[in-house]
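Worksheet for the structure shown next.
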Amino acid sequence: MEIINVLGKPCPIPVIEAKKALRKTQAGEKVQVLVDNDISRQNLEKMAGGLGCPFAFEKQGDGNILVTITAAAASSGSGSGSQSLVVAIGQNTMGAGNDDLGGILIKGFIYSLTELDTPPETMLFFNSGVKLTTEGSNVIPDLKKLESKGTIISSCGTCLDFYQLKEKLAVGNVTNMYAIASAMGDAGKLINL
Amino acid sequence: MSDEEELILAFHNTHEAIMGERKLLDSGIPVMVMPMPKPIGPTCGMCLRVSPGDIEKVQELLGETIAGIFQRAGETGKDFVPWDT
């Protein structure tokens, strides 16, 4: 069995790589991922939980963590037949025009994502989009629901810093531009708002 | 507030939904948004979701702008019926 080595890779790369491998794996077979921090381990566990995949991990002598995920019907690509969906949200409104209207539209859109049969694989929040993932946002429960279904929620660290929201992240993890570009590049389908 | 419990408020138009959300947020009442589900209305409006525990305060604040209050029904939670007080 191949071990996916993501040592030194920022969020959400470990989860993206693991999901990619799981899609190619038959139900019941295992995927192993080597990570160097506990946050990545936790993110992998959340993702596995959302897909209904059994999860185990083992701390190694050098501090790295070897994660083992067993593929389930929902995680294997042949089961769902759908391509991975990435939703990129670069503002806290939807569409151009009136911001009050745009504000309520984006919230309605995020709720609608919770009702999709196959939730997005990844949601990327940047620029004023990070106002949706931080304290004071009233879409946090909907985003947490998506997270519980296996969606990776990632907010741009530069943007959190710019808006002074770094300490106020309320859902998901912090990512950087390399990981954002990589998630977009690897997407089967990309919705860019 | 779990999905099963929440109450869904419908409005006469989108302006009133937007104003309603703002009023509730300004009053510190937890509120979330959802597009109007088909069983509730034919329009492409927006609904607000609130906790049953807040409904009296919500009704006081939003009064006549509320066109209807609904709750989830059925096993999938995708059916909606008028709120049964």
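Residues in the range A:1-19 that are buried (at least 16 other Cβ atoms within 10 Å of the Cβ) and either part of a helix (DSSP H, G or I) or modelled with pLDDT under 85 (or both): A:PRO10, A:CYS11, A:PRO12, A:ILE13, A:PRO14, A:VAL15, A:ILE16, A:GLU17, A:ALA18, A:LYS19.
Rundown of residues vs (1) in contact with a Phe, Trp or Tyr (Cβ under 8 Å, 6 or more places away or on another chain); (2) hydrophobic (A, V, I, L, M, F, W, C), yes/no style:
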position	(1), (2)
B:GLU21	no, no
B:LEU24	no, yes
B:VAL31	no, yes
B:GLY41	no, no
B:MET46	yes, yes
B:VAL50	no, yes
B:GLU60	no, no
B:ALA67	yes, yes
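Here B:LYS57 meets the list (1) surrounded by 14 or more Cβ atoms within 10 Å (Cβ to Cβ); (2) in contact (Cβ under 8 Å) with a residue 24 or more places away in the chain; (3) within 12 Å of the chain's Cα centre (by Cα) almost entirely, failing just condition (3). When the range A:92-109 is filtered for residues that are at the interface with another protein chain (Cβ under 8 Å from one of its Cβ atoms), open to solvent by less than 60 Å² (accessible area, probe 1.4 Å) and in contact with a helix residue (DSSP H, G or I) (Cβ under 6 Å, 6 or more places away or on another chain), only A:ILE104 remains. Contact map, the range A:102-122: residues that are touching a residue at least 12 places away in the same chain (Cβ under 8 Å) and assigned to a helix (DSSP H, G or I) paired with residues that are among the small types (Gly, Ala, Ser) and open to solvent by 10 Å² or more (accessible area, probe 1.4 Å), Cβ distance under 9 Å, separation 6+ or inter-chain. Pairs shown: A:LEU105/A:GLY95; A:ILE106/A:GLY95; A:LYS107/A:SER137. Could you list, in sequence order, the residues of the range A:145-193 that are open to solvent by less than 30 Å² (accessible area, probe 1.4 Å) and of a type in the set (A, V, I, L, M, F, W, C)? Those that are open to solvent by less than 30 Å² (accessible area, probe 1.4 Å) and of a type in the set (A, V, I, L, M, F, W, C): A:LEU146, A:ILE152, A:ILE153, A:CYS156, A:CYS159, A:LEU160, A:LEU165, A:VAL171, A:ALA179, A:ILE180, A:ALA183, A:ALA187.
The values are calculated or read from the model by the stated rules, or taken from the named source; none is laboratory data. On a predicted model such as this, the values are computed, not experimentally measured, just so you know. Using ideal geometry, Cβ is built from the backbone for each residue, glycine included, and neighbour counts are taken over all protein chains shown. Note: accessible area is taken over every heavy atom of the protein model, side chains too, but ligands, DNA and RNA are not part of it. Shrake-Rupley method; radii C 1.70, N 1.55, O 1.52, S 1.80 Å.
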